[in-house]
1. In region 15-48, which trypsin sites (Lys or Arg not before Pro) fall in coil by DSSP and have 14 or fewer other Cβ atoms within 10 Å?
2. Mind sorting 98, 50 by how few other Cβ atoms lie within 10 Å of their own Cβ, fewest first?
3. Rounded, prolate or oblate for region 7-68? Axes are the square roots of the Cα gyration tensor eigenvalues, ordered a ≥ b ≥ c, and the cut-off for rounded is a/c under 1.5.
4. Mind giving me the FRET efficiency for residue 107 and residue 86? R0 is 22 Å, r the Cβ-Cβ distance, nearest 0.05 is fine.
5. Pulled fully out, how much extra length does the chain show between residue 54 and residue 22, if you take 0.36 nm times their separation in residues and subtract their Cα-Cα distance?
6. Tell me, 84, 112, 100 in order of fewest to most beta-carbon neighbours within 10 Å?
7. Which trypsin sites (Lys or Arg not before Pro) in region 49-110 sit in a loop by DSSP (not H, G, I, E or B) and have at most 10 other Cβ atoms within 10 Å of their own Cβ?
8. Mind sorting 88, 38 by how few other Cβ atoms lie within 10 Å of their own Cβ, fewest first?
Amino acid sequence: MPSCSPLRYAHSEGLTSLCYDDKGKYILTCGSDGDVRIWEGAEDDDAISHRTGDKAFSVAFKNNKFYVATDTNTVQAFTFPDGSTDGIVARFTAPVNHISVNRKGTTLVAGSR
């Protein structure tokens with residue numbers, strides 16, 4: 001049976017989403033505080049933080065970019081790990097609940113309310 005590590009604070013109370021980078025070295029989290037944090041493994045105490053909006057609902061990673069669904073009803077791309085804005089990928093009429101990118105990084109799918 002796998003052991004569990006102690007819980008750690010990542011974002012303020014509310015929805016949190018997470019994913020790994022392509023190699024599984026970094027954990028990316030986003031939350032209702034609007035930040036995306038990049039953790040170098042579960043034991044990292046000093047995550048890199050990027051402001052993406054007032055709220056962030058979902059995060060996905062592929063090919064040195066991370067994609068974030070924000071409160072502006074958009075999915076935005078950012079470069080990894082510096083967090084520079086790389087443009088809006090899609091717009092919706094309601095907040096996006098989930099995003100995923102295929103294995104090759106050629107297709108992004110998103111689900112909205």
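1. Values: sites: 23, 25, 37; in loops: 23, 25.
Counting only loop positions with at most 14 other Cβ atoms within 10 Å, the trypsin sites (Lys or Arg not before Pro) in region 15-48 are 23, 25.
2. On the way: 98 13, 50 22.
With the sparsest Cβ surroundings first, the list reads 98, 50.
3. Details: a/c = 1.86, a/b = 1.17, b/c = 1.59.
Oblate is the answer for region 7-68, as a/c is 1.5 or above yet b/c matches or exceeds a/b.
4. Numbers: r = 17 Å, r/R0 = 0.76.
Approximately 0.85, to the nearest 0.05.
5. Working: separation 32, 0.36 × 32 = 11.52 nm, distance 2.67 nm.
Length gained, residue 54 through residue 22: 8.9 nm.
6. Numbers: 84 10, 112 17, 100 14.
Final ranking by Cβ density, sparse to dense: 84, 100, 112.
7. Values: sites: 51, 55, 62, 65, 91, 103, 104; in loops: 55, 103, 104.
Here the trypsin sites (Lys or Arg not before Pro) that fit, given the DSSP loop and packing criteria, are 103, 104.
8. 88, 38
Throughout, read-outs are computed from the coordinates displayed, never taken from laboratory work. As the structure is a computational prediction, the values presented were derived from the model and not from experiment. For neighbour counting, all protein chains shown are included, and Cβ atoms are generated from backbone atoms with ideal geometry for every residue, glycine included.
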